[in-house]
Amino acid sequence: MKNITSNMKKLLYLWKRSQVPIKQPTKVSKIDNLIIFLICILISIISSYKFLLISPLNLSSIFSWLLTFAETLISSWILILVSKKENPTINSRQIILIISLLLVVQAAKLSLASTISPLSMIIPPALIISQGMGSITALAWVSIASLSWPDPSIAVNSNLFFISLVCASVVAVLGGRIRSRAQLLQLSIFVPIGALLSQWILIANDKISLIDKQEIVFGNGKIFSDSLLLAIVMLFTILCIPIFESIFGLLTKARLLELADKEKPLIRRLSLEAPGTFEHTLLICGLAEEATRMINGDVDLIKTGALYHDVGKLHAPNWFIENQDGSKNPHDEIDDPFRSAEVLQAHVDEGLKFARKNRLPKPIANFIPEHQGTLKMGYFFQKAKEKNLKISENDFRYKGPIPQSKETAILMLADGCEAALRAMNINATDNEAIQTISKIIYSRQKDGQLDNSDLSLGEIYLIKRAFLNVWKRIRHRRIQYPTTKNNTFS
Ligand SMILES: [Fe+2]
Ligand SMILES: [Fe+2]
């Protein structure tokens, strides 16, 4: 009997879940897929065709060609998979950028390998990819670009190959973490200096180890000019990064920090026209930032995303309780739960319009619908029920989608806990605060809102602790300290 009841409960839960709109995967159009496939084929042809030019053409050269062709094609496919895994919101333009850079480098190796050092060919694209797509994608790109050499008659000095691989890997790792243009400039100075020193130590004294027949892509006198060229190309790349950001919608750390500037016109408008929402936003930024740091997520992304999550409320600020300031509540005046639900949904739809108008990158715009997910507008749903109106629960749910990343899920939880924590009694204990937080988080979990977010139970526990820490900070700020006449300013 117990089994039947639990199975019935599971079925009821699944049925309820099926009534909620589900995850919308990023779509890549057929044309984009075809373009990506053709570029991959082109990379494979460029990387392997020289094997077919070896005369006399024998079975082993054909086999080598086939092997290199397949190897490059599979490597490009793995690179795309890695970039998709690291950036779930990646779009086709960005995939095209990553593989086009690989195509350019392979073509450059064919035509310029004997004149330009591999350092200048591999490191600058690695910098662009690490800034826009993250370190793991950049590392995958660097390994393919370093290992695949299209011309079998050209061999790179093994030490030079090692130096370029190390320098490019350093750029790939640091590039993904760098948070300002100034740090980028430092990187463009220190990496060429590092390359110069290591070439001088490892290669300048190692000329004996070069193998005869091969055309060596290195000349001893070129050490300095190669490093200088690398510095120039890196500086030029840094200058071009903003262009890549706008053409390919790349979201670099520097761009994130620029967007988080509170002097941005949209944020200024929010602070002037919807001060209550602005205050709510700032508190949410604090909660979300602390929680994201605790689970080792992307703090810069959530800080910026949180800042823009409710910009849609600018379409009708006084319809939201935080901006009413004791004045009349328009929802009471219209006394229509359906219209009120429409106004609430409009803060998501209008937010997305603001995001488009202000050219906000997609990962930031995603916070707007995902922070509300498919949550029920409980208050108006209850009101409609009291009025005995013919209603469906879906009419009183946000349109979604539910959070698709850890960061948007944390924002949803912070959004839910903010009002409750703000309203908590100053004398409340930590236990009471954690109970309130747990109740709110559990209700969202039970509603299936966190199902696509990848948050583990351990991470949810850490998020609760982070929210508690922020609440303790707020409580500390609210404590009135006694001031004496003589000690007013200390
Ligand atoms: Fe909202
Ligand atoms: Fe909000």
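Matching residues to (1) more than 30 Å from Glu86 (Cα to Cα); (2) surrounded by 19 or more Cβ atoms within 10 Å (Cβ to Cβ); (3) at pLDDT 90 or above:
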{"site": "Gly219", "(1), (2), (3)": "yes, no, no"}
{"site": "Leu235", "(1), (2), (3)": "no, no, yes"}
{"site": "Glu245", "(1), (2), (3)": "no, yes, no"}
{"site": "Leu266", "(1), (2), (3)": "no, no, yes"}
{"site": "Thr277", "(1), (2), (3)": "yes, yes, yes"}
{"site": "Asp310", "(1), (2), (3)": "no, yes, yes"}
{"site": "Gln324", "(1), (2), (3)": "yes, no, no"}
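Looking at the range 430-439, can you tell me whether even one residue there is assigned by TED's automatic domain parsing to the domain that holds Asn323, away from ligand 2 (no atom under 16 Å from the Cβ), among the acidic types (Asp, Glu) and loosely packed, with under 13 Cβ neighbours inside 10 Å?
There is at least one residue in the range 430-439 that is assigned by TED's automatic domain parsing to the domain that holds Asn323, away from ligand 2 (no atom under 16 Å from the Cβ), among the acidic types (Asp, Glu) and loosely packed, with under 13 Cβ neighbours inside 10 Å.
State yes or no: is Ile402 among the β-branched types (Val, Ile, Thr), modelled with pLDDT of 85 or more and crowded, with 20+ Cβ neighbours inside 10 Å?
Answer is yes for this residue.
Take the range 428-459 and flag every residue that is touching a residue at least 40 places away in the same chain (Cβ under 8 Å) and either assigned to a helix (DSSP H, G or I) or acidic (Asp, Glu) (or both).
Selection gives Asp430, Arg444, Asp447, Asp451, Asp454, Glu459.
Determine if the range 359-368 includes at least one residue that is surrounded by fewer than 19 Cβ atoms within 10 Å (Cβ to Cβ) and more than 22 Å from Ser443 (Cα to Cα).
Yes, there is a match, as at least one residue in the range 359-368 is surrounded by fewer than 19 Cβ atoms within 10 Å (Cβ to Cβ) and more than 22 Å from Ser443 (Cα to Cα).
Might you check whether a residue that is in contact (Cβ under 8 Å) with a residue 24 or more places away in the chain, within 23 Å of Tyr398 (Cβ to Cβ), in a loop (DSSP other than H, G, I, E, B) and under 31 Å from the mean Cα position of the chain (by Cα) occurs anywhere in the range 305-313?
Checked against the condition, which is being in contact (Cβ under 8 Å) with a residue 24 or more places away in the chain, within 23 Å of Tyr398 (Cβ to Cβ), in a loop (DSSP other than H, G, I, E, B) and under 31 Å from the mean Cα position of the chain (by Cα), the range 305-313 yields at least one hit.
Determine whether the range 337-347 contains at least one residue that is within 14 Å of ligand 1 (Cβ to nearest atom), touching a helix residue (DSSP H, G or I) at 6+ places or on another chain (Cβ under 7 Å), in the same structural domain as Ile441 (by TED's automatic domain parsing) and under 30 Å from Glu459 (Cα atoms).
yes
If you check Ser55 against the conditions, is it touching a helix residue (DSSP H, G or I) at 6+ places or on another chain (Cβ under 8 Å) and either of a type in the set (Gly, Ala, Ser) or loosely packed, with under 12 Cβ neighbours inside 10 Å (or both)?
no
Could you check, for the range 243-251, whether at least one of its residues is under 30 Å from Pro317 (Cβ atoms) and under 17 Å from the mean Cα position of the chain (by Cα)?
yes
Filter the range 405-427 down to the residues that are away from ligand 2 (no atom under 16 Å from the Cβ) and either assigned to a helix (DSSP H, G or I) or free of Cβ contacts under 8 Å to residues at least 12 places away in the same chain (or both), then identify the one that is nearest to the chain's Cα centre (by Cα).
Result: Lys406.
Can you tell me how many residues within the range 311-345 are hydrophobic (A, V, I, L, M, F, W, C), closer than 22 Å to Glu370 by Cα and more than 14 Å from ligand 2 (Cβ to nearest atom)?
Residues flagged as hydrophobic (A, V, I, L, M, F, W, C), closer than 22 Å to Glu370 by Cα and more than 14 Å from ligand 2 (Cβ to nearest atom) within the range 311-345 amount to 4.
Return the residues of the range 377-403 that are in contact with a helix residue (DSSP H, G or I) (Cβ under 6 Å, 6 or more places away or on another chain) and farther than 30 Å from Asn91 by Cβ; say none if nothing qualifies.
Met377, Phe380, Phe381, Lys383, Ala384, Ile391, Phe396
Which one is nearest to ligand 2 (Cβ to nearest atom), of the residues in the range 367-385 that are assigned to a loop (DSSP other than H, G, I, E, B) and under 13 Å from Gly312 (Cα atoms)?
The selected residue is His371.
The values are calculated or read from the model by the stated rules, or taken from the named source; none is laboratory data. Source: prediction; values computed, not measured. Don't worry about glycine lacking a Cβ; one is built from the backbone with ideal geometry, like all the others, and counts go over all protein chains shown.
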